[in-house]
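Note sheet for the following structure.
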Amino acid sequence: MKKILILTAGFGDGHNAAARNVQEALEQTSPEVEVTVADLYERSYKKLNSIAKKAYLGAVRYAPQLWAGFFKLADRSPWLTDGRGLAGLQKNLAQLIEETQPDCVVSTYPAYGQLIESLYRDHCERPFRFVTIITDARAVNSLWYRAGSDRFVVCDEETAEILRENGVEKNSIAALGFPVSPMFAVPQKDLPKRPSLGTPLRVLYAINTGKKKCGKAIDRLLEIPNVELTVSVGRYSDLKEKLARRAQENDGRLHLLGWTNQMPQLLMRSHVVIGKAGGASVQEAIAAKCPMIINQVIPGQEEGNANIILDSNIGAVADGDKEVASWVERLAEDGGELWTQWRNQLEKVSRPDATSRIAQLVLDECDVANKVSRPEKFPALPTTINGGRTFIPEQSGILTMAMRAQIARNKTGSLLCDFHVHTNYSDGRLTVSEVVDFYGVRGFDCICITDHWTDTRRLIGKLARLTPLTLSYDQIEEYFEVIAREAKRAWRRYGMLVMTGLEFNKDGPTKKSSAHLLGIDLEMPISPRLDLLETITRIHSQGGLAVAAHPHLMKSEFAKETLYLWENQEKFAPVIDAWEIANRNNLFTPVSQRRLPFLANSDFHKPKHIYSWKTLLNCEKNADAIKECIRRNENVSITLYRGEEAPAATDIPASIQRQPGLPLGVDTAARQLTETGADERLVLRG
Ligand code: ZN
Ligand code: ZN
């Protein structure tokens, strides 16, 4: 077993993503790895860290010039080198190394080199190999290389040259490419062909800033004939609502995506992407061989990224939306001349498999580390918890993640389950992978993701405001693909089963005419337009379960009641597989009085909803056994989940708190939408 510790931080652009991608590639490359990803800043200074992040994001957003100044200052000042004020970080790092016993430590954030150097300064030799993955390109902050590292991974030769010029040992530098998602290395169908008259130019517009003006920018682009525009609004779910009318008016030419987990695939299928000069964004476009038109550059930090595009001749940097549109116009109208030029250049510089190459380098470094015999490794540090070594997990009582997953996969009986979970494909707070990690680390055995699925084309007037709160037609296939992919990861990493489901929202004007129906363990989408009986038939024909969600009066939540199924039991009881006897904090006593088959679910929308009713199943751990257990409704019980930590909002693990790089205000906007959006909740809560 090779043990790898990846250190990251939520500041700035792309450190966390790089860490996640390398972890993914390592786990895909070798079954014999144990990877731990940690953000020491989050662990050490929870509160301070969030203030620092806000300051960073605020500065970037409101005063880019100020940030540029800070960036230059950080490059010169020794504020991170003397170890003062870093005692907390240092203590945490020592503890983490103690716990994880890594063969190799990988850093995706500049400051960790200094920290490791000061930790192993004079008492002992470092008992692991150290690999630094530099996520800057061209403009490399010297913090990255001021301290030593066994290997430095950089994205290209030009960046390698900068390191060499600054005295970094040349054999330690590997220009392997940027650690993009391993998905970039998966071959795609439907690749873009040379644009010519008659074939549409597929334009991907990733909105991460300037959302106020984006409507106008979109209109400009749609004025160009032949343009087929896909707009990804990311976490700005309110934008989806604002732009919904435009999408309807431009049927087929404008696709609106909320948060997407398929950026690699989208980039690979597009002729050109419009976006800001973030390090990760630029590198992803290059990996996907997708020419880029940059519409925003943060001075200092992002200039290097913009220069890559210009120097390599693989896109353009535009000043304002008008110029963006004129570049797109040229692409659409010159018979594919410019596009082919850019694309050919991209073929030369693109490294879609960079991350698997980086993973291989890390695994090789583990082998180097293992040549040092075990007892010599990990001599006691001044801050160690249990002194010297010979680390045997079984004896110390510490189970590694891999061992835990192994045990979890083979478990039988007493399965902790939650079959009603929302993500940000509808009105949930977390992404699918965040949900998987959130439940995975809590030791759940089976969950089913059930985002709202409503026929939005029928929602008119006031109700059309629900559009961002439900899955969209444009993303329903992506939803199935992403959950299937995440299910594999969940099984590998946590031994947790993840099923795909849908919550069919059939809302009428009154509570007696409204019903929410869960389809659990579905293989493919089912039209949201069918009536309830037809929907249930389709669910069953896929081997899924049809479950009545919150079928009775709810006391504890301010929500629209959905009583239709309950009121029409003689019709539905024969075909419904189970009724929710509990939904979050509500208990529905009549379900037990009638002796109906039952389930208990969180109706999870955000982390605090984990503290709620759940189902315990006494059966084997596989999808068929679980569904059969629910159908027969034997050996089913319910439990009120409390977990170990106090249910304070601040106790959410760093990894699922917030996406790095999320501008201020978005989180607040999302929260307002879900917490105070009383009208929305009236209909779509569930
Ligand atoms: Zn729900
Ligand atoms: Zn519901």
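If only residues of the stretch 586-642 that are free of Cβ contacts under 8 Å to residues at least 60 places away in the same chain and within 16 Å of ligand 1 (Cβ to nearest atom) are counted, the one that is farthest from residue 555 (Cα to Cα) is 608.
Let's see how each residue does on (1) open to solvent by less than 20 Å² (accessible area, probe 1.4 Å); (2) away from ligand 2 (no atom under 16 Å from the Cβ); (3) in the same structural domain as residue 623 (by TED's automatic domain parsing); (4) modelled with pLDDT under 90:
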position: 438; (1), (2), (3), (4): yes, yes, yes, no
position: 449; (1), (2), (3), (4): yes, no, yes, no
position: 453; (1), (2), (3), (4): yes, no, yes, no
position: 481; (1), (2), (3), (4): no, yes, yes, no
position: 496; (1), (2), (3), (4): yes, yes, yes, no
position: 503; (1), (2), (3), (4): yes, no, yes, no
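Note on the stretch 407-425: residues that are surrounded by fewer than 24 Cβ atoms within 10 Å (Cβ to Cβ) and within 16 Å of ligand 2 (Cβ to nearest atom) amount to 0. Taken over the stretch 150-167, residues that are touching a strand residue (DSSP E or B) at 6+ places or on another chain (Cβ under 6 Å) and open to solvent by less than 20 Å² (accessible area, probe 1.4 Å) amount to 5. Selection over the stretch 404-422 of residues that are out of contact with any strand residue (DSSP E or B) (no Cβ under 6 Å at 6 or more places or on another chain) and within 16 Å of ligand 1 (Cβ to nearest atom) gives a count of 0.
May I ask you to verify whether residue 406 is among the polar types (S, T, N, Q), modelled with pLDDT under 80 and part of a helix (DSSP H, G or I)? No, not satisfied. The set of residues in the stretch 253-297 that are in a loop (DSSP other than H, G, I, E, B), open to solvent by 40 Å² or more (accessible area, probe 1.4 Å) and touching an Asp or Glu at 6+ places or on another chain (Cβ under 9 Å) comprises 253, 289, 297. Out of 509, 574, 551, 607, I need the residue that is in contact with a strand residue (DSSP E or B) (Cβ under 9 Å, 6 or more places away or on another chain) and assigned by TED's automatic domain parsing to the domain that holds residue 490. Which one? Exactly one of 509, 574, 551, 607 is in contact with a strand residue (DSSP E or B) (Cβ under 9 Å, 6 or more places away or on another chain) and assigned by TED's automatic domain parsing to the domain that holds residue 490, namely 551. Taking residue 217 as meeting all but one of (1) in a loop (DSSP other than H, G, I, E, B); (2) hydrophobic (A, V, I, L, M, F, W, C); (3) within 30 Å of residue 237 (Cα to Cα), write down the number of the exception. Tallying (1) in a loop (DSSP other than H, G, I, E, B); (2) hydrophobic (A, V, I, L, M, F, W, C); (3) within 30 Å of residue 237 (Cα to Cα), residue 217 fails exactly one: (1).
The values are calculated or read from the model by the stated rules, or taken from the named source; none is laboratory data. Everything quoted here is computed from the prediction, not taken from an experiment. Neighbour counts are summed over all protein chains in view; Cβ atoms, including those assigned to glycine, are modelled from backbone coordinates with ideal geometry. What goes into the accessible areas is simple: the full protein's heavy atoms, side chains included, and nothing from ligands, DNA or RNA. Shrake-Rupley method; radii C 1.70, N 1.55, O 1.52, S 1.80 Å.
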